There are 8 protein chains.
Amino acid sequence: MTNGTPLVGIVMGSDSDLPIMRGAAEALEALGVPFELTIVSAHRTPDRLFEYGRNAHERGLKTIIAGAGGAAHLPGMLASLSPLPVIGVPIKSTNSLDGWDSILSILQMPGGVPVATVALNGAKNAGLLAAQIIGSGDDAVRKKIIAYKQTLSSSVLKKCQVLETKGWK
Amino acid sequence: MTNGTPLVGIVMGSDSDLPIMRGAAEALEALGVPFELTIVSAHRTPDRLFEYGRNAHERGLKTIIAGAGGAAHLPGMLASLSPLPVIGVPIKSTNSLDGWDSILSILQMPGGVPVATVALNGAKNAGLLAAQIIGSGDDAVRKKIIAYKQTLSSSVLKKCQVLETKGWK
Amino acid sequence: MTNGTPLVGIVMGSDSDLPIMRGAAEALEALGVPFELTIVSAHRTPDRLFEYGRNAHERGLKTIIAGAGGAAHLPGMLASLSPLPVIGVPIKSTNSLDGWDSILSILQMPGGVPVATVALNGAKNAGLLAAQIIGSGDDAVRKKIIAYKQTLSSSVLKKCQVLETKGWK
Amino acid sequence: MTNGTPLVGIVMGSDSDLPIMRGAAEALEALGVPFELTIVSAHRTPDRLFEYGRNAHERGLKTIIAGAGGAAHLPGMLASLSPLPVIGVPIKSTNSLDGWDSILSILQMPGGVPVATVALNGAKNAGLLAAQIIGSGDDAVRKKIIAYKQTLSSSVLKKCQVLETKGWK
Amino acid sequence: MTNGTPLVGIVMGSDSDLPIMRGAAEALEALGVPFELTIVSAHRTPDRLFEYGRNAHERGLKTIIAGAGGAAHLPGMLASLSPLPVIGVPIKSTNSLDGWDSILSILQMPGGVPVATVALNGAKNAGLLAAQIIGSGDDAVRKKIIAYKQTLSSSVLKKCQVLETKGWK
Amino acid sequence: MTNGTPLVGIVMGSDSDLPIMRGAAEALEALGVPFELTIVSAHRTPDRLFEYGRNAHERGLKTIIAGAGGAAHLPGMLASLSPLPVIGVPIKSTNSLDGWDSILSILQMPGGVPVATVALNGAKNAGLLAAQIIGSGDDAVRKKIIAYKQTLSSSVLKKCQVLETKGWK
Amino acid sequence: MTNGTPLVGIVMGSDSDLPIMRGAAEALEALGVPFELTIVSAHRTPDRLFEYGRNAHERGLKTIIAGAGGAAHLPGMLASLSPLPVIGVPIKSTNSLDGWDSILSILQMPGGVPVATVALNGAKNAGLLAAQIIGSGDDAVRKKIIAYKQTLSSSVLKKCQVLETKGWK
Amino acid sequence: MTNGTPLVGIVMGSDSDLPIMRGAAEALEALGVPFELTIVSAHRTPDRLFEYGRNAHERGLKTIIAGAGGAAHLPGMLASLSPLPVIGVPIKSTNSLDGWDSILSILQMPGGVPVATVALNGAKNAGLLAAQIIGSGDDAVRKKIIAYKQTLSSSVLKKCQVLETKGWK
């Protein structure tokens, strides 16, 4: 992980979610935002859930990214326990209904307890959103976000040139 | 509530769920199964959730009925915390997506942590299922279930007679 | 099957459902709850359906687990015929609509006839739920449930250690 | 009902389905096809279900129309029990999920046991389909079908004239 | 095809539907019901559609089975043109939305023009339903249906014995 | 209707669709594009359907707008019969499944036979799209489209001013 | 609006969204976070969209809340244009498909351009999430969040007492 | 590309969409309609989006075909910026929800800003629709459309002959 006290906590319900959730870690690493990454299961380790959620802001975290699939309760329970903004990543796991269950059980939180939900399997975007949140109070991080958006644009323009040179066939 | 130590705990996330959840209470009352009924919000009272879930079986409850709507985490979190069978009632609340969110976030629990889910707004059936669960180890309650099923049947047959007498017009 | 008179009946509509439904058998075996397992088709063997449903409780069963896919009528018809709690397992069979048909035709039972529905392909959880139902009236079984939940938790914590030692990359 | 031995049996799970299911009766009446109409609940009167399904063809019925809502098992169970063609009418009842549950639990029957499903609340079309089935072996009924289709067409053409005369404003 | 004047017309929108639709032909062949099978595209051969629909009953057909995928208009347009009962088979083709488009555009016909819809890819059941329709006016065919249902039942019972002999492991 | 030979044909399956479909007429009238409006039912007046579709371009129409609900076959059948661009308006009629059936049976046309589908009940947009199609070969109409888009923008900006003056409370 | 330079920009596609979106304003007002509120339509005022998105962070905003319904492009386009975290509120407007279109067109953003999506009509939660984002870099705001969460909890506990005193009947 | 000033602009959000979108290019090439093809990303190159949308009609284009997946904003934003008819192709990309997100975020445009939506992955039909639009003001192109429809029909009739000769087995 990037050096320095972690500002972002990335958690997931199971190590089987790591192939998706590493996208969040890679995005934060690329932007130089220090983070931690671990497993917290709402359904199998409720004590750990409570401890993680209750203490996250005391330990210096600024935001939490939580990924889960199926009847995904991890993001919402962390949002219940922590005053930090919680980003939820719906995961299309093998036991999910094409991801609809993951999306709805993360997105449709009741009034008073928001979860900032990103696209299905959208862990990379969760990492970027966490950086944007850090960046809303930290100019250095925001400049990196602005630079990142320019690379997005240049990369598309380069592909345009390739297409125009080679033709579509 | 019916006299005697409660055997069933009926909980809901908000008092706005009471018009639906009272169906469970009425079914248990009709079958003479003692129960308790209260509010536990997974998202607004996480400490109460933990306490309720952890202690339910110590207090003599045999099963828990939990109703919730939207990103409904109450039944699943109780199933995480308690060794008792937990019955989940998906509620079609005003902020739910026609109930699909309520159903999927209760039904699609991961391996190891089942929730016995009933139909959308199916609180009456949750009460009957709780009685059947009690009845699986208690002959007096099972006999009441058998009698109840006979009244279901007679009531349909009576309607048949009315229809045949009056005609369908 | 575990020795002793069966307490749980596991039935399925077709032997093609066995690869999923064996999850229920394995869960019960692991918890030492005696069970039986057979095929009952609501649509192809209606006489067998009637006989099974009507006699299950006379034969000493305490709960029935029924798995079916597509327009899945087996769990609901058994719930119609038997006073026992019936657990329904929606199966994502090749001729099902991603499992939506299986879920809705098991879950959405009318008032008076509940089916305790578990997640799509959730046979393992059906087995655990059956054990919890037996355990609600049998302390020895409940202790096994409590121990099982502790192994769930330890297994997650072990994975946390591995992840923290090896890192996420 | 139209005079003569009933050729079509119209059944429904509950008298609350009558406002929809009368559409089938009216269609048959208009075409002069004799029918009977009664209540058979798959879940509340399973004995009656068996008796009705097993004997329908012995009593001279040529086809059965069955309407049900939610986890609708009536049409499929009748198709299991009877050699007659069974027409299923999915009903959008108050406890159904906008009718999706009714449709899927009637339509998605397994190989070997078809149900001829019509549109949600499509009882009128069920009546017409029953008449078409009778008409496939009875020229007098088929002629009435042909005449009926001509009235459909003329009634549209009349509306065209009204529209063209009055204008769309 | 089975000898004799065809009583059933099986049509499909494209030869790519044949791997599914042959299920209808095989079912009719097994029951000895003579049929014809060809291609009629509502969208690519509208003249052929009209001719087929208008003349089917004049040529001696008793019912039509029509299979189509995506925005499937073939069954409904044949039902518009012909007085015969039309059976629709929704096909899950590569350009369909998991079959939902096929189902809804066949099932949800307006009042006056029914299509007898079977399950997604349910061509075998369409064949059986066609035989049941013929059988409603022809005792020899009905007897074959009754015999067929008995083989369904025996085949399940045989599988029960295998399972009980070999065990579920 | 606007004077001049009609360039756009607006058709609908039933006069009950007029309250929605008049939105197309009003949009064309506002932009000064001459049109005709009538009823053509794919299912009830198939002959009229054929005649309308086959002759539309001979009569000088440049595009057809067709609205229908449920298993909506009118737009697709017109697209089958006519070389003109056909715009489909899915209508949320009382017998439709919240409009999903209308959308899918219009949108999901097979390769070779496109329908330009607009939003559910989007008749106004169908009118605008027809004008854009005319405008792609007619500068006067395109200028009206450009002017129309400016009024859209000004009307929003005016609402901004009102909101800023009055405040959001 | 709360005094001070706005830290949050609340925008919506149309003034018809105000009855929903005012929930965001009220939440921010209650927490003392200064904000601005106006109308920006992605489809009707694209120039205003560009200007708002490009300049928001220059004007001192820390986060943007954007509400829209149907094919909702406003949140995603602002996320494309601005380096700030953008919170999207899917609105169930009259021309939306029960809100599914609003949700999916806001949530399912491509890699590189996240939108923090909240529940359907969840404007209040969008306001809270914006405050949490501000609070991640501002201790005073975070303390208000913590206090707010305590009022959520107390309000539920008070309802428990009422329920226990009055009983559920 | 076909010689001559392009009349149709084909754009897509990413070069990963080319395998689908080339269907539009091939259809236009086959009909001899000159076109251009390039990449424009609504989310990654918003400036390019604006420039393309604002100038398309000045450069002589008569219609635009835009393909995109997930939260697909490209077609709708081009429709916002340009007075030309815009054809939207929903793409079932790897990060889309089986294409439902792509369809709804293209189809459900608000009043005033239509997008002519074709089937999921229906790029070929988008090309044909563009040609039909050109053809509504250009007799030479329309004749090609009429000829194309005849080849569709002949190709089906040829398959009929093959099937009738070879039989269905």
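If you take every DSSP beta bridge whose two residues both sit in the protein assembly as shown, what share of them, in percent to the nearest 5, is antiparallel?
Approximately 5 percent, going by the DSSP bridge assignments.
What nm distance separates the two modelled labels at residue F:147 and residue H:155, each placed 7 Å from Cα along Cα→Cβ?
In this crude label model, residue F:147 to residue H:155 measures out at 4.4 nm.
For Cα pairs less than 8 Å apart in space and 6+ apart in sequence, what is the mean separation divided by the residue count of segment G:13-113, i.e. the relative contact order in percent?
So the answer I get is 24 percent.
If you build a Gaussian network model of chain E, linking Cα atoms that sit under 10 Å apart, which residue out of E:126, E:147, E:71 swings the most?
Comparing E:126, E:147, E:71 in the GNM, the peak value goes to E:147.
Add +1 for every Lys or Arg and -1 for every Asp or Glu among the other residues with Cβ under 15 Å from the Cβ of residue G:142, and state the total. Don't skip to the answer; put the middle values down first.
Values: positive: A:54, A:59, A:62, G:62, G:143, G:144, G:149; negative: A:58, G:138, G:139.
The answer is +4.
Could you check how much of the accessible area of segment D:73-169 is carbon and sulfur, as a whole percent, using a 1.4 Å probe?
Answer for segment D:73-169: carbon and sulfur cover 55 percent of the accessible area.
Count the net charge of all other residues whose Cβ sits under 13 Å from the Cβ of residue F:112, scoring Lys and Arg as +1 and Asp and Glu as -1.
Around residue F:112, the charge tally is +2.
Identify which of G:106, G:64, G:20 has the largest mean-square fluctuation in a Gaussian network model of chain G, with springs joining Cα atoms closer than 10 Å.
Residue with maximal mean-square fluctuation among G:106, G:64, G:20: G:20.
Taking accessible area as the heavy-atom solvent-accessible surface of the protein chains with a 1.4 Å probe, which residues of segment A:109-123 lose no less than 10 Å² upon going from the isolated chain to the full protein assembly?
A:109, A:110, A:111, A:112, A:113, A:114, A:115, A:116, A:117, A:118, A:119, A:120
If one takes the accessible area of chain G alone plus chain A alone and subtracts that of the pair, with a 1.4 Å probe, what total in Å², rounded to the nearest 100, results?
3200 Å²
Under the rule of -39500 (n - 2.57) per DSSP H run of 4 or more residues, summed and divided by the residues of chain D, what mean residue ellipticity at 222 nm is obtained, to the nearest 500 deg cm²/dmol?
One gets -15500 deg cm²/dmol as the mean residue ellipticity at 222 nm.
Report, in cubic angstrom per residue, the convex hull volume of the C-alpha atoms of chain H.
137 Å³
Report the net charge of residues surrounding residue G:7, where surrounding means a beta-carbon distance below 12 angstrom and charges are Lys +1, Arg +1, Asp -1, Glu -1. Don't jump to the answer; show the numbers that get you there.
On the way: positive: G:59, G:62; negative: G:36, G:138.
Neighbourhood net charge equals 0.
Mind checking the mean number of beta-carbon atoms from other chains within 10 Å of the Cβ atoms in F:124-133?
Mean inter-chain Cβ contacts per residue within 10 Å come to 6.
Which residue, B:127, B:60, B:112, tops the fluctuation ranking in a GNM of chain B built on C-alpha contacts under 10 Å?
Ranking B:127, B:60, B:112 by mean-square fluctuation puts B:112 first.
Heavy atoms of the protein only, probe of 1.4 Å, neighbouring chains included. What is the accessible area of residue C:162 in Å², nearest 10?
Counting only protein heavy atoms, the figure is 80 Å².
If the cut-off is a Cα-Cα distance under 17 Å, which lysines reach residue A:166, setting aside same-chain residues fewer than 8 apart in sequence?
Qualifying lysines at Cα under 17 Å: A:158.
What number comes out for accessible area per residue over chain E if the probe is 1.4 Å? Units Å², please.
Using a 1.4 Å probe on heavy atoms only, each residue of chain E averages 32 Å².
Using a 10 Å cut-off around each Cβ of peptide C:15-26, what is the average number of partner chain Cβ atoms that fall inside?
Working: counts 6, 1, 0, 3, 0, 0, 1, 2, 1, 1, 3, 2.
Rounded to a whole number, the mean comes out at 2.
Helix by helix, which DSSP H runs in chain B go 20 Å or more along their axis at the Cα atoms and have an average Kyte-Doolittle hydropathy of 0.0 or more?
The answer is none, since no helix passes both cut-offs.
So if we plug the beta-carbon distance of residue D:51 and residue B:162 into 1/(1 + (r/R0)^6) with R0 = 25 Å, what FRET efficiency do we get, rounded to 0.05?
So, using R0 = 25 Å, E works out to roughly 0.80.
Just which residues of segment B:83-105 lose 30 Å² or more accessible area with every protein chain there, against their chain alone, with the probe set to 1.4 Å?
B:83, B:85, B:95, B:97, B:98, B:100, B:101, B:103, B:104, B:105
Under the rule a/c < 1.5 gives rounded, and otherwise a/b versus b/c splits prolate from oblate, where does segment F:11-92 land using the Cα gyration tensor?
Numbers: a/c = 1.79, a/b = 1.08, b/c = 1.66.
In terms of gyration-tensor shape, oblate.
Relative contact order, percent, of chain A when contacts are C-alpha pairs under 8 Å separated by at least 6 residues?
22 percent
Using +1 on the beta carbon of Lys and Arg, -1 on that of Asp and Glu, and nothing else charged, what's the dipole of the protein assembly as shown about the Cα centre, debye to 20? Kindly include the intermediate steps, with their values, before the conclusion.
Numbers: 128 positive and 104 negative charges, 0 e Å.
About 0 debye.
Going by accessible area, probe 1.4 Å, with all protein chains left in place, what is the ranking of E:73, D:57, largest first?
D:57, E:73
May I ask you to rank A:102, F:154 by accessible area, largest first, using a 1.4 Å probe over the protein chains only?
The ordering from most to least exposed comes out as F:154, A:102.
The values are calculated or read from the model by the stated rules, or taken from the named source; none is laboratory data. These numbers were taken from a predicted model, which means no experiment stands behind them. Here the Cβ is made from the backbone with ideal geometry for all residues, glycine too, and neighbour counts use every protein chain on show. Side chains included, ligands, DNA and RNA excluded: accessible areas come from the protein's heavy atoms. Shrake-Rupley method; radii C 1.70, N 1.55, O 1.52, S 1.80 Å.
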